[in-house]
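Asks: Below is a structure I'd like to ask you about.
Coordinate-derived values only; no laboratory data. This is a predicted model, so every value here is computed, not measured. Neighbour counts run over all protein chains shown; Cβ positions are idealised from the backbone, glycine included.
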Amino acid sequence: MRLLVTGGCGFIGTNFLYAMRARHPDWRLVNLDKLTYAGNLGNLRALEAEAGRQYTFVHGDICDRGLVARLLEEHQIDAVVNFAAESHVDRSIDDPSPFVVTNVLGAQNILDCARRAGTSRVVHVSTDEVYGSLGPTGQFHESTPLQPNSPYSASKAGADLLCRACHETYGQDIVITRCSNNYGPYQFPEKLIPLMYVKATAGEPLPVYGDGRNVRDWIFVDDHCRGVELALLNGRPGAVYNFGGAAELPNIKVVRTILRLTGRDESLIRHVADRPGHDRRYAMNFDLAARELGFAPGVSFAEGLERTIAWYRANPDWLAEVQSGAYRTFMDSWYKERA
Ligand code: NAD
Ligand code: TYD
């Protein structure tokens, strides 16, 4: 298999590339990444050294038609997995424009280029957030209407609809995956779990939005990567597959667990102004993926969180590096407004 992975220098893309290299050493992996604030070339140093000619990094934008077309042709790509995105809800509230450009126009560009090149499959990596928000009961199914509430989720839903349209209109082989909240090694410390770890270890206040009772379904990143791999290998053309971790938890419980694991006490918790349009609850039904792909999350939240914290503890240099420069500008102004 000759695989183009986009956004491979981000959190999930990095984990996916290492997993594919380990499980499919005969695959040729091409990673196209723009290296935004969330992309880190250093993540893949070990892969680059070990994989030799089986791995190629290309610095560029998924919106660049000439570049994407050339990569598909030059590397004779069989399939594309599109992880590249602007991915942080709070940043999308601050400025939606880059989200529309990368998440919608970039995704469309990949679909167009793949169609013209005759690439046999595109896996588009999407999110449970396209479904909107649940009340106290129920789950998202693949047939749940899309009701995105943030600029981030609206841009992801836009791309999902374009994927559907390209499958229906041109018969393109496209598989959409929608996953719940990931956590694990290499996650950028603007998302809940690594941010709370960073704050707790520094002895700084932990900013909990609103009452802290919003519920997310947490999945360890390796399980998500396995799901994407299964969709790539065995997904039905035109299908949508939900993936979840079967670990629904209110934010406050996650935060308390991190405080316990880092040996800090709960006096560090600060309830701050709520996120505008904050989705109350997500819960995933992934029966379809279980039935058609054999998907099942393998790592419990307790085990996954311990592994995650152990990774951050072992990689202080990584944390220091990604928290320098542009990271500070957004974080300082966002949390100043909410205090
Ligand atoms: P991330 O923000 O950590 O990484 C995104 C990567 O995409 C970065 O390396 C960045 O440099 C790259 N990128 C951004 N714009 C680009 C562009 N125009 N061209 C090329 N590269 C570009 O994100 P993540 O958490 O790894 O998420 C990856 C994908 O999975 C996203 O599509 C996201 O919507 C989806 N997803 C994430 C989660 C989650 O919990 N993190 C859950 C479900 C789905
Ligand atoms: P996040 O990691 O941003 O993921 P998403 O918004 O995609 O679900 O947030 C997870 C939950 O944690 C969400 O309900 C918002 C909440 N949250 C806080 O309470 N404080 C914070 O500082 C952050 C970043 C998130």
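Asks: Going through the stretch 269-304 one residue at a time, which ones are away from ligand 2 (no atom under 12 Å from the Cβ) and out of contact with any strand residue (DSSP E or B) (no Cβ under 7 Å at 6 or more places or on another chain)?
Replies: Passing the criteria: Asp287, Ala290, Arg291, Glu292, Gly294, Ala296, Gly298, Ser300, Ala302, Glu303.
Asks: Further question on the same structure: Which pairs do you get when a residue that is within 15 Å of Ala38 (Cα to Cα), found in the stretch 70-89, comes within reach of a residue that is assigned to a loop (DSSP other than H, G, I, E, B) and of a type in the set (Asp, Glu), reach meaning Cβ atoms under 7 angstrom, with the pair 6+ apart or on two chains?
Replies: Every condition considered, the pairs that remain are His88/Glu190.
Asks: Here is a further query. When the residues of the stretch 183-228 are filtered to those that are among the acidic types (Asp, Glu) and under 16 Å from the mean Cα position of the chain (by Cα), which remaining residue is nearest to Val272 (Cα to Cα)? Before the answer, list the steps.
Replies: At the first step, the residues of the stretch 183-228 found to be among the acidic types (Asp, Glu) are 190, 204, 211, 217, 222-223.
Then drop every residue that is not under 16 Å from the mean Cα position of the chain (by Cα), which leaves 190, 217, 222-223.
Details: Glu190: 16, Asp217: 22, Asp222: 32, Asp223: 32 Å.
So, considering only residues that are among the acidic types (Asp, Glu) and under 16 Å from the mean Cα position of the chain (by Cα), the one nearest to Val272 (Cα to Cα) is Glu190.
Asks: Residues to consider are Gly263, Gly238, Gly245, Gly277; find the one that is part of a loop (DSSP other than H, G, I, E, B) and either among the hydroxyl-bearing types (Ser, Thr, Tyr) or crowded, with 18+ Cβ neighbours inside 10 Å (or both).
Replies: Among Gly263, Gly238, Gly245, Gly277, only Gly245 is part of a loop (DSSP other than H, G, I, E, B) and either among the hydroxyl-bearing types (Ser, Thr, Tyr) or crowded, with 18+ Cβ neighbours inside 10 Å (or both).
Asks: So Val100 fits all but one of (1) more than 16 Å from ligand 2 (Cβ to nearest atom); (2) under 23 Å from Asn181 (Cα atoms); (3) in contact with an Asp or Glu (Cβ under 7 Å, 6 or more places away or on another chain); what number is the exception?
Replies: For Val100, the exception is condition (3).
Asks: Asp61 is checked against (1) more than 20 Å from Val104 (Cα to Cα); (2) of a type in the set (Asp, Glu); (3) in a loop (DSSP other than H, G, I, E, B) and fails just one. What number does that condition carry?
Replies: (1)
Asks: I'm told Thr102 meets every condition in (1) hydroxyl-bearing (Ser, Thr, Tyr); (2) within 12 Å of ligand 1 (Cβ to nearest atom); (3) under 16 Å from Val175 (Cα atoms) except one. Can you identify the failing condition by its number?
Replies: Answer for Thr102: the failing condition is (3).
Asks: Considering only residues of the stretch 295-311 that are within 15 Å of Val254 (Cβ to Cβ) and among the aliphatic types (A, V, I, L, M), which is surrounded by the most Cβ atoms within 10 Å (Cβ to Cβ)?
Replies: Among those that are within 15 Å of Val254 (Cβ to Cβ) and among the aliphatic types (A, V, I, L, M), it is Leu305.
Asks: Among the residues of the stretch 65-112, how many are outside any helix (DSSP H, G or I), surrounded by fewer than 18 Cβ atoms within 10 Å (Cβ to Cβ) and out of contact with any strand residue (DSSP E or B) (no Cβ under 9 Å at 6 or more places or on another chain)? Break it down into steps so the answer makes sense when it comes.
Replies: Here is the first cut: in the stretch 65-112, the residues outside any helix (DSSP H, G or I) are 75-88, 95-96.
Going one step further and asking which of them are surrounded by fewer than 18 Cβ atoms within 10 Å (Cβ to Cβ), we end up with 75-76, 78, 95-96.
Subsequent filtering for residues that are out of contact with any strand residue (DSSP E or B) (no Cβ under 9 Å at 6 or more places or on another chain) retains 95-96.
So the answer is 2.
Asks: If I ask for residues that are away from ligand 2 (no atom under 16 Å from the Cβ), β-branched (Val, Ile, Thr) and under 11 Å from the mean Cα position of the chain (by Cα), which ones from the stretch 1-16 would you list?
Replies: Thr14
Asks: Here is a further query. Looking at (1) polar (S, T, N, Q); (2) more than 14 Å from ligand 2 (Cβ to nearest atom); (3) assigned to a helix (DSSP H, G or I); (4) crowded, with 24+ Cβ neighbours inside 10 Å, which is the only condition Ser155 fails?
Replies: (2)
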